[in-house]
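The values are calculated or read from the model by the stated rules, or taken from the named source; none is laboratory data. The model shown is predicted, which means the values in this text are computed figures rather than measured ones. Here the Cβ positions follow ideal geometry from the backbone for every residue, glycine too, while neighbour counts run over all protein chains shown.
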Amino acid sequence: MKIIRKMYDWVLHWAETPYAIPALFILSFAEASFFPVPPDILLIALALSKHEKAFKFALICSIASILGGITGYAIGWGLWGVVSDFFFNNIPGFSHDGFNYVKTLYDEYNFWIVFTAGFTPIPYKIITISAGVFGINFFVFVLASVISRTARFFLVAGLIYKFGPTIRDFIDKYFNWLSIGFIVLLIGSYFIFKLL
């Protein structure tokens, strides 16, 4: 856990540099395919420091994360046989059991597993790479990624834009619960509309 904490602090320090926006793009891209620290940390720091640009930062996060997700899909689709040992041995969140479990989720939920991972703290990189490995429909993958990643980052930016610094502690403390609640509402709405 110490290495994750060091990465967290390293990510946060970019908010104080002139390279904050490129760092936000690179971090968002990398987190979607191999890097363990989510870009929300830097997004929150930047949005708090430049309140009026919160939605611009969210857009940067969204675009980079979607492109990173497509890269993760490509890794899974075309390179998995070559790089799988590296991922299992060196990237936090990758395990043989977890990877096989994701396969069962794809078989049952397809769009929803990508959407849920894209919006919640579930490691998105596992989903992007495994989507390529298991050959899920690329259009479905991109659609779920666009909706979920954009919703996630714009929700964070919107809360900071509306409530300012007072919302930061609330987001940090309850982000997991907030995202799970949103998913429950979304899936519940889906089933209600399906029944109607």
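A few remarks follow.
Quick grid of which residues meet (1) in a loop (DSSP other than H, G, I, E, B); (2) among the β-branched types (Val, Ile, Thr); (3) at pLDDT 80 or above; (4) in contact with a strand residue (DSSP E or B) (Cβ under 8 Å, 6 or more places away or on another chain):
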residue: TRP77; (1), (2), (3), (4): no, no, yes, no
residue: TRP80; (1), (2), (3), (4): no, no, yes, no
residue: ASP85; (1), (2), (3), (4): no, no, yes, no
residue: PRO92; (1), (2), (3), (4): yes, no, no, no
residue: LYS103; (1), (2), (3), (4): no, no, yes, no
residue: TYR106; (1), (2), (3), (4): no, no, yes, no
residue: ILE113; (1), (2), (3), (4): no, yes, yes, no
residue: ILE122; (1), (2), (3), (4): yes, yes, no, no
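- Taking the criterion of being at pLDDT below 90 and either touching a His at 6+ places or on another chain (Cβ under 7 Å) or closer than 18 Å to VAL37 by Cα (or both), the only residue of region 133-159 that qualifies is VAL156.
- Number of the condition not met by LEU48 [criteria: (1) surrounded by fewer than 20 Cβ atoms within 10 Å (Cβ to Cβ); (2) free of Cβ contacts under 8 Å to residues at least 40 places away in the same chain; (3) among the aliphatic types (A, V, I, L, M); (4) assigned to a helix (DSSP H, G or I)]: (2)
- Considering only residues in region 63-84 that are closer than 17 Å to VAL140 by Cα and of a type in the set (Gly, Ala, Ser), the one that is surrounded by the fewest Cβ atoms within 10 Å (Cβ to Cβ) turns out to be ALA74.
- Residue check, ALA54 modelled with pLDDT of 80 or more, surrounded by 15 or more Cβ atoms within 10 Å (Cβ to Cβ) and at negative phi: yes
- Selection status of PHE25, surrounded by 15 or more Cβ atoms within 10 Å (Cβ to Cβ), modelled with pLDDT under 90 and either of a type outside the set (A, V, I, L, M) or in a helix (DSSP H, G or I) (or both): no
- Qualifying positions in region 28-44 - aliphatic (A, V, I, L, M) and crowded, with 21+ Cβ neighbours inside 10 Å: ALA32, LEU42, LEU43, ILE44
- Inspection of region 5-17 finds no residue satisfying the criterion of being assigned to a helix (DSSP H, G or I), at pLDDT 85 or above and of a type in the set (Gly, Ala, Ser).
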